[in-house]
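Here is the structure we will look at, set down as structure tokens.
The values are calculated or read from the model by the stated rules, or taken from the named source; none is laboratory data. On a predicted model such as this, the values are computed, not experimentally measured, just so you know. Neighbour counts run over all protein chains shown; Cβ positions are idealised from the backbone, glycine included. Note: areas computed on protein heavy atoms with side chains; ligands, DNA, RNA excluded. Shrake-Rupley method; radii C 1.70, N 1.55, O 1.52, S 1.80 Å.
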Amino acid sequence: VEVLTPENNEMNVLILGVGGSENSAPNLTDSIMYIHYDGKDPASVTTISVPRDLFVQSSILGKTKINSLYALTRKSLGEEDAFKHLMDTVGTIVGKEITHYVLIDFDGFRRLIDSVGGIDIDVPKRLYDAAYPTRNWGYTVVDIPAGLQHFDGDKALKYARSRNSTSDF
């Protein structure tokens, strides 16, 4: 844990989401969020969602989609240097040095939501997905009505990931 001091009063972090072992592309960082915290104004936190399909110029790979940087460099560079490369690349985009990251996979997402007793989401319109992927590489139906819902980790993941009847947004 880094302590913020008057000389070191800001923190820049990447929050990265991957599918993990239950996904056909387990190491693609399909969720990338840049978080900036300024200790001089602790009530202010800046977040930027980085589109997974953003094409970037990698010093190692050349032109590629940003969500593949970690996945394509982790074997050759090692895990930590692959994360550093991704942090440096996003840092160039946002104009800040990024020194920290958090990586979470589908299972970790479920457990995080469950550990806080679930979350409440006001679903603006019904979500119906007849082809939501299952852990055993099949499909199931996800049907979530509109209105205020209390989700456990599994249902929250389904809501966050489903895009067959909606979009990535």
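Out of all DSSP beta bridges in the chain, what portion is antiparallel? Express it as a percent rounded to 5. In the chain, DSSP labels about 85 percent of beta bridges as antiparallel.
Under 20 Å between alpha carbons, and skipping anything fewer than 8 positions from residue 84 in its own chain: which aspartates and glutamates qualify? The reachable aspartates and glutamates, counting only those whose Cα sits under 20 Å from residue 84, are 2, 10, 30, 53, 97, 105. About its Cα centre, the dipole of region 101-164 is roughly 200 debye, where the only charges are +1 on Lys and Arg Cβ and -1 on Asp and Glu Cβ. Over 32 Å between Cα atoms, which of 40/65; 40/158; 65/155; 96/125 qualify? Beyond 32 Å between Cα atoms: 40/65; 40/158; 96/125. Compactness of region 42-119 was expressed as the Cα radius of gyration divided by 2.2 N^0.38 Å, which yields 1.28. Positive-end ranking of 148, 47, 124 along the dipole of the chain, with charges on Cβ about the Cα centre, is headed by 124.
Between the entries (1) 1.42; (2) 1.12; (3) 1.00, the label attached to Rg/Rh (Cα atoms, Kirkwood Rh) calculated for this structure is (3).
With a 1.4 Å probe rolled over the protein heavy atoms of all chains, the accessible area of 38, 120 falls in the order 120, 38, largest first. In the chain, helices alone account for a calculated mean residue ellipticity at 222 nm of -8000 deg cm²/dmol, with every DSSP H run of four or more residues adding -39,500 (n - 2.57).
Summarising the amide proton neighbourhood of residue 123: residues at separation of 5 or more, or on other chains, whose placed amide H is nearer than 5 Å comprise 147, 148, 149. Protection proxy ranking for 85-98, 135-148, 106-119, using the average of other Cβ atoms within 10 Å per residue and placing the highest first: 85-98, 106-119, 135-148.
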